[in-house]
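Read the structure below first, then the notes.
Derivation of every value follows stated rules applied to the coordinates shown; laboratory data play no part. Just so it is clear, the structure is predicted and the values come from calculations on it, not from any experiment. Glycine gets a Cβ as well: all are built from the backbone with ideal geometry, and neighbour counts include every protein chain shown.
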């Protein structure tokens, strides 16, 4: 534990905890904090001025990051006949219907994203209690319940990030890797923030984004200037 504490102390010397960084400088600073033996994920955390207890203030959706996430995503699709063939052709790792549901019931979840056609959501419902807590339940709002399974598979493979505000109004997502260039992370960060702004509920009052920060998997966080984020449309 002492070794870890010392590492964090060294990283903290590179961060001004009293400062709010521009997005560009925040990314530059965060990249300089890479210290792990693996390629750390660049993470963004935002606190929104919404009350998710009210359905009309729930912020949920998905966005495809232009530079990808740097993570290999395993995609499963619950579909039949032609749609199953389309999913396989698009590069889905696992395709099935009753057989796939049986595997999920056994606890064999060898995928990161699950896509389903609308007509088979009744089948998916059988394993909702298993998928829900893991954040794997298909949902139309994230584009994972669709007849266009080919596009959904391509989106998931190319860097789609799903987001959902928690009970405290927080949203958290990975937007790239420490090995990404400054420009790549900037493109992904801007795209993600624009998506959050686009999903602002009409009933939300006051300043929509209360605070935000960037960090790596194993680094201190860097506070961001809020007005710059609010201006990204």
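Working from Cα pairs under 8 Å separated by at least six residues, relative contact order for segment 75-157 is 37 percent.
GNM on the chain, alpha-carbon springs under 10 angstrom: the most fluctuating residue among 67, 24, 43 is 24. Evaluated at q = 0.07, 0.15 Å⁻¹, a Debye calculation over the C-alpha positions of the chain (equal weights, vacuum) places log10 I(q)/I(0) at -0.27, -1.05.
Considering only 101, 30, 42, the mean-square fluctuation computed in a Gaussian network model of the chain, springs between alpha carbons under 10 angstrom, is largest for 101.
Using just its DSSP H runs of length 4 or more, each adding -39500 (n - 2.57), the chain gives a mean residue ellipticity at 222 nm of -9500 deg cm²/dmol after division by all residues. Take every DSSP beta bridge whose two residues both sit in the chain; close to 70 percent of them are antiparallel. Give the angle, between 0 and 90 degrees and rounded to the nearest 10, that separates the Cα long axis of helix 2-12 from the longest principal axis of the Cα atoms of the chain. Value to nearest ten degrees: 70.
In percent, rounded to a whole number, the relative contact order of segment 123-233 is 14, using alpha-carbon pairs under 8 Å and six or more apart.
Compute the Rg/Rh shape ratio of segment 179-232: radius of gyration over Kirkwood radius, all on alpha-carbon atoms.
Looking at segment 179-232, the ratio lands at 1.01.
Summarising the label geometry, the points placed 7 Å from Cα in the beta-carbon direction at residue 32 and residue 141 lie 3.9 nm from one another.
Against the main long axis of the alpha-carbon atoms of the chain, helix 182-198 sits at an angle near 70°.
For segment 75-157, the normalised intensity computed at q = 0.10, 0.11 Å⁻¹ comes to -0.18, -0.22 (log10 of I(q)/I(0), Debye sum over alpha carbons, equal scatterers, no solvent).
Comparing segment 1-135 with the 2.2 N^0.38 Å rule of thumb, its C-alpha radius of gyration ratio is 1.47 (two decimals).
Nearest 10 degrees, 0 to 90: what angle lies between the long axis of helix 81-90 and the longest principal axis of the chain (Cα atoms)? Rounded to the nearest ten degrees, it is 30.
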